[in-house]
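Read the figures in this text as sums done on the coordinates, not as results from a lab. Keep in mind the model is a prediction, meaning the values are calculated, not measured. Virtual Cβ from ideal backbone geometry, glycine too; neighbours counted across all protein chains shown.
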Amino acid sequence: MTTDPNAPFVDFQNVWLAYNETLWAEGKFAVEDIQLQVRRGEFIAIVGPSGCGKSTFMKLTTGLKKPSRGSIKVDGQPVTGPLKISGMAFQAPSLLPWRTTLDNVLLPLEIVEPYRATFPQKREEYAERARKLLATVGLAGYESKYPWELSGGMQQRASICRALIHEPKMLLLDEPFGALDAFTREELWCILRDLHAAQQFNVILVTHDLRESVFLADSVYVMSKSPGRFVVKRDIELPRPRELELTYTPAFSDIVHELRGHIGALRKAGTVIHQ
């Protein structure tokens with residue numbers, strides 16, 4: 001853990017990744033020359049064409065992949081393996097069908113140290129933490145329900161609770177709302193907005209939804225076509241807290257159209273770095 005509050009919480013320095021030695025020798029990279037510094041508590045979103053390396057970037061950030069070149073630090077420490085200080089949620093909630101909502105949320109505490117060692121003794125304490133978290137996302141009263149008894153939106157709320165139950169310093173979200181209808185998606189935007197405002201954990205959101213990225217993030221990064229690199233950083237200076245009505249304003253629409261223009265240009269041509 002870093003002692004300097006001004007130091008980047010996430011720090012990528014000249015990071016390249018080839019998935020094996022043959023591809024490395026051929027100069028074929030999944031991502032290249034990633035330079036990124038994220039402030040403590042910052043919410044960033046990553047957008048770009050399909051196959052540009054967004055999910056690869058997430059794997060690098062969490063230590064599931066090691067860079068072929070360059071260095072990555074999170075919270076002041078080199079990333080050398082899977083991080084324990086992060087939580088993750090994906091497009092598919094992946095709740096275990098034989099476990100109740102409460103037991104699905106508790107799962108990380110059963111398998112992640114230091115909670116694992118004390119889980120049998122502190123189960124009720126942890127269960128109360130899970131109930132409070134479920135209540136914050138509107139799932140009070142659903143603790144004993146099984147996944148097949150929940151709507152898609154409810155399952156995704158439970159999945160976010162599972163990612164946050166061990167109080168991680170960083171939440172990574174890979175297309176978490178992509179499979180949901182528009183109304184449910186916007187409800188979950190507001191839930192995530194409120195959780196982030198209350199707890200100030202770092203968030204890295206990968207999404208294809210430009211409205212989602214502008215509504216939620218402090219900064220939006222656009223990735224180029226493969227090999228992926230960050231070619232645009234757009235700071236979102238819209239005031240917080242943001243309400244859904246903001247998404248219908250000209251200021252909001254202008255940013256969305258600007259980002260769409262960058263991505264459209266990437267689809268048509270080579271990439272140009274915009275500072």
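Most simply put, the chain has about 45% antiparallel DSSP beta bridges, counting only bridges with both residues inside it. Counted as membrane-span-like here are DSSP H helices of the chain whose alpha-carbon atoms extend 20 Å or more along the helix's own axis and whose Kyte-Doolittle mean is -1.0 or above; these are 182-199, 250-268.
Among Ile85, Ile204, which comes first, second and so on when ranked by fewest other beta-carbon atoms within 10 Å?
Ile85, Ile204
Estimated from helices alone, the mean residue ellipticity of the chain at 222 nm is -12000 deg cm²/dmol (sum of -39500 (n - 2.57) over DSSP H runs with n ≥ 4, per residue). Could you tell me whether the range 77-120 comes out rounded, prolate or oblate from its Cα gyration tensor? Rule is a ≥ b ≥ c as square roots of the eigenvalues, rounded for a/c under 1.5, then prolate if a/b exceeds b/c, otherwise oblate. Cα axes put the range 77-120 in the oblate bin. Indicate the gyration tensor shape class of the range 148-253 (rounded, prolate or oblate), computed on the Cα atoms with a ≥ b ≥ c the square roots of the eigenvalues: a/c under 1.5 is rounded; otherwise a/b larger than b/c is prolate and the rest oblate. Because its axes are fairly even, with a/c under 1.5, the range 148-253 counts as rounded. Residue pairs exceeding 30 angstrom between C-alpha atoms, taken from Lys54/Lys132; Lys59/Lys233; Lys132/Lys233; Lys73/Lys122; Lys65/Lys132; Lys169/Lys233: Lys54/Lys132; Lys132/Lys233; Lys73/Lys122; Lys65/Lys132. Distance from the Cα centroid of the range 212-246 to that of the range 155-195 is 17 Å (rounded to whole angstrom). Hydrodynamic analysis of the range 86-151 uses the Kirkwood radius over alpha carbon pairs. Inserted into Stokes-Einstein at 4 °C and 1.567 mPa s, it gives a translational diffusion coefficient of 103 µm²/s. Dividing the Cα radius of gyration of the chain by 2.2 N^0.38 Å, with N the residue count, gives 1.03.
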